[in-house]
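Working notes, structure below.
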Amino acid sequence: MPKPLSLPFDPIARADELWQQRWGPVPSMGAITSIMRAHQILLAEVDAVVKPYELTFARYEALVLLTFSKAGELPMSKIGERLMVHPTSVTNTVDRLVRSGLVDKRPNPNDGRGTLASITDKGREVVEAATRDLMAMDFGLGVYDDEECGEIFAMLRPLRVSAHDFDEK
């Protein structure tokens, strides 16, 4: 897919200028617009890398989570909790992975109402290959060095804490 032509100006900076003229300076507007654009860019780049594996980044994340578990399986509710997504999204994601032969589902013997998702051997092969490809392109963040990536992580952490993603200790 050809890359779109670059604009001769930064549209987010221009929007910020126009915003200031109309409503006054609000640095958070320029920041959120930049973050949202960065999200679009990164999601497109990582999705392009995992697409040959018939994955989206969300499905890739679920596979990685399963590989991190001791037995290679987790309750669906735990997957949703760890990925911070709605139960319907987990079901959709896991069902697609099941159809691709990357994950199996079975009733949870420890919870009569729950379901366990487990990664298959094919799923392990796919997640290893996709991970190599994502690491080779630095997860789309190759324009930043290791220190800058750490700074980005640290800068966004208070936002995640304030959203109650986790209890900060």
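The values are calculated or read from the model by the stated rules, or taken from the named source; none is laboratory data. Model, not experiment: these values are computed from the prediction. Because the Cβ atoms are built from the backbone with ideal geometry, glycine has one as well, and the counts that use them run over all protein chains shown. The accessibility values were calculated without ligands, DNA or RNA, using every heavy atom of the protein model including side chains. Shrake-Rupley method; radii C 1.70, N 1.55, O 1.52, S 1.80 Å.
Using +1 at the Cβ of each Lys and Arg and -1 at the Cβ of each Asp and Glu in the chain, identify which of Thr56, Asn108, Met29 lies farthest towards the dipole's positive end.
Of the listed residues, the answer is Asn108.
Mean Kyte-Doolittle hydropathy of -0.5 or higher plus an axial Cα length of 27 Å or more: which whole DSSP H helices in the chain meet both? Intermediate results must be reported in sequence, preceding the final value.
On the way: long enough: 27-50 (34 Å, 0.92).
Helices meeting the criterion: 27-50.
For the chain, what percent of Cα pairs sit more than 26 Å apart? Working shown, then result.
Values: 6352 of 14196 pairs.
Of all Cα-Cα pairs in the chain, 45 percent lie more than 26 Å apart.
How many nm separate the modelled label positions at Thr88 and Glu128, each set 7 Å beyond the Cα in the direction of the Cβ?
Going by the 7 Å Cα→Cβ label model, 3.7 nm.
Quick check for you: with a 1.4 Å probe and neighbouring chains kept, what is the accessible area per residue of region 85-169, in Å²? Mind dumping the intermediate values first?
Numbers: 6070 Å² over 85 residues.
So region 85-169 comes to 71 Å² accessible per residue, rounded to a whole number.
Counting pairs on different chains as well as pairs 8 or more places apart, how many Lys pairs in region 1-138 have Cα atoms under 30 Å apart?
Within region 1-138, the lysine pair count is 11.
How big is the charge dipole of the chain about its Cα centre, in debye rounded to the nearest 20, if each Lys and Arg gets +1 on its Cβ and each Asp and Glu gets -1 on its Cβ? Can you show the working numbers first?
Working: 20 positive and 25 negative charges, 151 e Å.
Using only the charged Cβ atoms, the result is roughly 720 debye.
Which percent of the accessible area of region 126-169 is formed by carbon and sulfur heavy atoms (probe 1.4 angstrom)?
Values: 1990 of 3460 Å².
Looking at region 126-169 in its full context, I get 57 percent from C and S.
Work out how far the C-alpha atoms of region 89-136 reach from end to end along every principal axis, then list the three figures in whole Å, largest first.
Computed over the Cα atoms, the extents are 42, 21, 17 Å.
Can you work out the PRE-style zone for Asp167? Point 7 Å along Cα to Cβ, and I want the residues of region 79-122 with backbone N under 19 Å.
Within reach of a label on Asp167: 81-84.
Taking amide H positions as placed in the peptide plane 1.01 Å from N, state which residues far from Val103 in sequence (5 or more) or on other chains have amide H under 5 Å from it.
Excluding prolines and chain starts, which carry no amide H, the hits are Val98, Thr120.
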